[in-house]
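The structure appears below as structure tokens.
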Amino acid sequence: MKKYSLRTKLSLSYISVALISVFLISVFTNLLLDKHFKEYIIQNQERKSKEIVSLVRQQFNTDKKWNMETIKNICISALEQGMIIRIVDSSEKVVWDARLHDNELCEQMLHHIEQNMSSRYPNWKGNYVEDVYPITYQLDKVGEIIIGYYGPYYFNDSELEFINTINRLLMGVGVFLLFLSLFFSSIMSKRLSTPISRVITTAQMIAKGYFDDRITEQSTTKEIAQLTETINNLAETLENQEILRKRLTADVAHELRTPLATLQSHMEAMIDGIWKPDTERLKSCHEEIIRINRMVGDLEKLARYESENLILTKTNFDISELIRHIIKNFENDFLNKGIDIEFIGDEEKVTADKDKISQVIINLISNAIKYTPQGGKVEIRVKGLPDVTEISVKDTGKGILPEDLPHIFERFYRADKSRNRMTGGAGIGLTITKAIVEAHKGKIRVSSKVDGGTEFIVLLPKHGS
């Protein structure tokens, strides 16, 4: 199938609309003109006939004689207007006859009228007709006037020229509108097609993997503006995803490099006989393997939680009771580190996946323990709001730097750039936490001050909406 550009289609549509409009106006104008002009011609013919009859009647004087000179002038003037006059007296004697006066001129006039009408109406069926009017003097009939013309109506040269002038005017308007539509269609099609062409170019660049191109052209057309905004958002999203993908690859490589290098060196040392494969060294290798396995498990878990097809087994339960139970499991950790734990909250029912919400609470409490120094405090609050349940985990740790705060929910991101294993795991816990909360249509936010502690706040819909 042959394809045409948007500019071509818009130009053709403008031209088509202009030509169709002129055509319809011409058709309706000619139809109305024919109807009303015919009525006017017929009425005008009757009026002129009556005027001629009245003028001729006045030429019969008291001596019962006709004023032939004036009658001749009247009848010749009528002949010039397309009417053939014949006057007879009461005895049927011819007073005046245009054909006797100049029959050749009469025939030429009728033939000319026929040509005029045929040029306007190819199937014209007109013929020569005569109207008879009596001539009276003092209530006595003194003769008759026979007025012949091409009927039932006819157009003379001036009337036909008037109609042709209107049609030429309509044709001129059509030509003018044709060029006008070409001018405006060129402008409009360019204004519409240029940003679309720019969108196509950007989309092609995105398809090739270049995500940094943006559409800067502005459009006053709502749909095109939405299209360019959507393409820009798509490019930005894909660019961010590409950045995250590269960073994820680098982070995974970084996280795996250390345990794999340790395993490799230990194995090579034992193979070369430098180290004896005793229980302690095998246990160290086993711990590194467990660490790698845990990291892979966390990645699998994160992929599952971030999936749109994540299945949540929702039940209605008391979130405060769940948190108290989790706190008991962390009692030894709090005691060993010398950290105070305080829980504030009454019974609060939520509809959610209990196991996954437990994972959220465990991750937040675990983080609080890791980053709160000895003698510090962790405060957990549960507060019921009209539509959501607010869960707050606040610690008195060293806090998070402002430049690190926006990134803490990203994979493998840790404020501790040295990635010391003593300060935490692989940096996936908070990413998993956020994924679980968002899977429940909830929100999680964080606020922190350097040396002033950190607070995580989770908002969960009460009815699991």
**Message:** For K9, give me every one of the lysines with a C-alpha distance below 18 angstrom, ignoring sequence neighbours fewer than eight places off in its own chain.
**Reply:** K190
**Prompt:** When the Cα centres of region 157-186 and region 237-283 are compared, how far apart do they sit, in Å?
**Reply:** 85 Å
**Computed magnitude of the charge dipole of the chain (debye, nearest 20; Cβ of K, R +1, Cβ of D, E -1)** = 1120 debye
**Asked** Calculated from DSSP H runs of 4 or more alone, at -39500 (n - 2.57) each and per residue, what is the 222 nm mean residue ellipticity of the chain, nearest 500?
**Response** -20000 deg cm²/dmol
**Request:** Please name which of V450, T351, S320 has its Cα lying farthest along the dipole of region 312-461 towards the positive end, using unit charges on Cβ (Lys, Arg +1; Asp, Glu -1) and the Cα centre as origin.
**Result:** V450
**Request:** Could you point to the label whose value was computed as Cα extents along the principal axes in Å for the structure here, given (1) 86, 43, 35; (2) 71, 59, 46; (3) 160, 59, 37?
**Result:** (3)
**Asked** What ranking of M109, M267 emerges when the number of other C-beta atoms within 10 Å of each C-beta is taken as an exposure proxy, fewest first?
**Response** M267, M109
**Asked** Pulled fully out, how much extra length does the chain show between L405 and E242, if you take 0.36 nm times their separation in residues and subtract their Cα-Cα distance?
**Response** 56.5 nm
**Prompt:** Dipole of region 211-309 (Lys/Arg Cβ +1, Asp/Glu Cβ -1, origin at the Cα centre): which of N232, F211, V296 lies farthest to the positive side?
**Reply:** V296
**Fill in**
About its Cα centre, region 6-171 carries a charge dipole, from +1 on Lys and Arg Cβ atoms and -1 on Asp and Glu Cβ atoms, whose size in debye to the nearest 20 is 800 debye
**Prompt:** Gain in length, L260 to T194, computed as 0.36 nm per residue apart minus the alpha-carbon separation, to one decimal in nm?
**Reply:** 18.3 nm
**Asked** With each pseudo-label sitting 7 Å past Cα toward Cβ, what's the V129-A253 distance in nm, one decimal?
**Response** 10.3 nm
**Prompt:** Listing R198, R445 from the residue with the fewest other Cβ atoms within 10 Å to the one with the most, what is the order?
**Reply:** R445, R198
**Message:** On a straight-distance basis, which aspartates and glutamates could pair with K356 in a cross-link, Cα separation under 18 angstrom, same-chain partners fewer than 8 positions away excluded?
**Reply:** D298, E300, E306, E308, D318, E321, E348, E390, E438
**Item:** Candidate aspartates and glutamates - alpha carbon under 18 Å from K370, same-chain residues fewer than 8 apart omitted
**Value:** E331, D333, D340, E342, E379, D395, D404, D416, D451, E455
**Message:** Beyond a 31 Å Cα-Cα separation, which of these cross-linked pairs lie in this structure: K246/K441; K349/K398; K64/K125; K38/K65; K314/K337?
**Reply:** K349/K398; K64/K125; K38/K65; K314/K337
**For region 266-399, share of DSSP beta bridges that run antiparallel, in % to the nearest 5** = 70 percent
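Laboratory data are not the source of any read-out in this text; all were calculated from the coordinates shown. Nothing here was measured: the structure is a model prediction, and the numbers come from that model. Please note: Cβ atoms are built from the backbone with ideal geometry, for glycine as well, and neighbour counts cover all protein chains shown.
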